[in-house]
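Data first, discussion second: the structure below is written as structure tokens.
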């Protein structure tokens, strides 16, 4: 191959497809409405609660959001939804996150559980759960990981065994975020032969208040309680709580994951820390601080456009599995690096044991940021998905 | 992408691909083909004899120029023609390039001083330069001397000296460094994609330890990160060019952010491309260097990371933390 040659991309190679985000009509009016809502209704929160706020739960606040029509925004009205445009929902989400609003109680149900029920559920299931989710009264959790199945999700072992007009389940889920608050779990269970892979999995709706369910807290390294172990002891699930056909669980889970991976929460978990750093820097910081603020702004601005482009793909009905994996991995790397960069560049006398907002935000985020590239698909899984799209696997 | 834009990119892709195979031929032969195809007048309105394209069309064309490592000052010529039109100056005959750096005085319509870092200044007929808010059009034939220089990619970056050279001129409030950064961002986006494609093709073909090296997980993950960086530059570039359409070329925030993000991506892209290729990629004969040497050069041109991080940081600090989010969203809404 000589230096005068033409590049031709391998046929099997797919890369990030950029779709411009055309703001829906009335975008800025909608932002003003959300900001006004927050000014009136956001509970007074201590600085650390504004960080990573999509895992900070507040029942009362979620109920108010539901009443204001900011949950289930794009679902049909007959199920309690508001039939808004998907990009209007995107705008509301990023406004809530930018303000550090405590949206953790309903986040999973709005993002994942509801859309899954809407897409694959029966009419009965939709009527039973969706209006309560939309009202900010029923919260969800995702029963995927098990003690022996983390990234290798296809190895899920907990079995649902046919029993009359339903199923019997004994087993365990783990790392289940929000299970201690949720009334509803969407569980991925094995209905096929033991030891099987993708093909023998089915999704079920589990009432977490049913007899046979036990939820136990797992306290994280910073002392927080987000995730749990959930035990099933001879739990009975009626067959009408099965979601989709028997054996379709894997297909449905895969579709669900692209909804999970490209949202603004994948790069904004440390936004409160960034703002506090800019505030503390004041009007005349030194050149190093100015450069850091510039660099982080450029990365954030870029990630926002990547996330919005992917939202536009989802809104157009395309399958942005690759784009979502790229947004999540790049966004997680950014939000994970941010506390380290702030720590390195902060005033030399910044004391992590002090009560200043910057110190408390930083202390919390240094500790919880390792989870950013674990939750919702590890960095290694995402890079595998990207490599497959590139035509390397 | 609309139909007009795909006709444009099809034509650009075919022509630039052909020219890439002829890169050893003389400059004038190659430039004439690009000029005859009308690309330099891409951003000049149809009413003024141009193509009537938008900045987002310029992104698509210049990305392809970067993809094919086009050895011609196309971005510079597009920019020069746009500047002349916007400042109500007449288009001038022959290749018109731009001056990244100017030193000297402009008195009574005459320029005395030097322009430096000029892309293909020696081959050009005219140079558009910006001096203290005045756009001046220098005729290269008026220069008293020319010092040829090259950037690390062997692209001409000449210095020309002038004494009392008569120059058409007009007041101009545009930041030429920013517009130069904008065109380099599109070229970096294309060159990153090409280096990625070439690296993936090579990884699938090169066999070691009994299998294509692309089957090794370490390479897969490194190439995945490369693809993320290429995606970031392409997305940032498109967003900055869309902002240039919206703000008629004056998109200080978006251009600063996009060039800085592009600069940051160059390090990852070039190092991974060379690591994947091994020794063959380090040779003159193999074509990878036509991309990577340009990427290293373009990272410095029209503002390195330091310049743009300072300028962007200054903007954010001046607005204050409380206004950050409102400003960011306001610029992308409506």
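Tabulated data
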item: Region B:25-72 and region B:98-168: distance between their alpha carbon centers, rounded to Å; result: 22 Å
item: Shape of region B:92-173, Cα gyration tensor, a/c cut at 1.5; result: prolate
item: Residue A:163 paired with residue A:63, simple spin-label distance in nm, labels 7 Å along Cα-to-beta-carbon; result: 3.5 nm
item: Value at 222 nm in deg cm²/dmol, rounded to 500, when DSSP H runs of n ≥ 4 in chain B each add -39,500 (n - 2.57); result: -18500 deg cm²/dmol
item: Sorted by Cβ density within 10 Å, fewest first, the residues A:55, A:5, B:185; result: A:5, A:55, B:185
item: Sites residue B:218 and residue B:108, calculated FRET efficiency, Cβ-Cβ separation with R0 56 Å, nearest 0.05; result: 0.30
item: Ranked by how many other beta carbons lie within 10 Å on average, peptides B:204-217, A:84-97 from highest; result: A:84-97, B:204-217
item: R0 of 45 Å, Cβ-Cβ distance residue A:132-residue B:331: FRET efficiency to nearest 0.05; result: 0.70
item: Beta bridges by DSSP in the protein assembly as shown, antiparallel share as percent, to the nearest 5; result: 90 percent
item: Candidates A:192, A:140, A:223, ranked by Gaussian network fluctuation over chain A, Cα under 10 Å, top entry; result: A:223
item: Number of partner chain Cβ atoms within 10 Å, mean per residue of B:192-205; result: 4
item: Antiparallel DSSP beta bridges within region A:142-249, percent to nearest 5; result: 90 percent
item: Residue A:279-residue B:207 pseudo-label distance in nm [points 7 Å out on the Cα-to-Cβ vector]; result: 6.2 nm
item: Estimated [θ] at 222 nm from DSSP helical runs (n ≥ 4, -39500 (n - 2.57)) normalised by residues in chain A, nearest 500; result: -13000 deg cm²/dmol
item: Rel. contact order, % - alpha carbon contacts under 8 angstrom, at least six apart, chain A; result: 18 percent
item: Angle between chain A longest axis and helix A:27-41 axis [Cα atoms, degrees, rounded to 10]; result: 80 degrees
item: Alpha carbon centroid spacing (whole Å) that separates region A:243-322 from region B:218-296; result: 20 Å
item: Virtual spin-label span in nm between residue A:8 and residue B:5, 7 Å along Cα→Cβ; result: 2.6 nm
item: GNM flexibility winner over chain B from B:11, B:165, B:153 (Cα, springs under 10 Å); result: B:11
item: Potential lengthening between residue A:220 and residue A:193 on full extension [0.36 nm per residue; Cα-Cα distance subtracted]; result: 6.3 nm
item: Calculated FRET value between residue B:284 and residue A:351, using beta carbons and R₀ = 60 Å, to 0.05; result: 0.60
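A short reminder: the numbers here are calculations on the coordinates, not readings from a lab. Quantities reported herein were computed from a predicted structural model and do not represent experimental measurements. Neighbour counts are summed over all protein chains in view; Cβ atoms, including those assigned to glycine, are modelled from backbone coordinates with ideal geometry.
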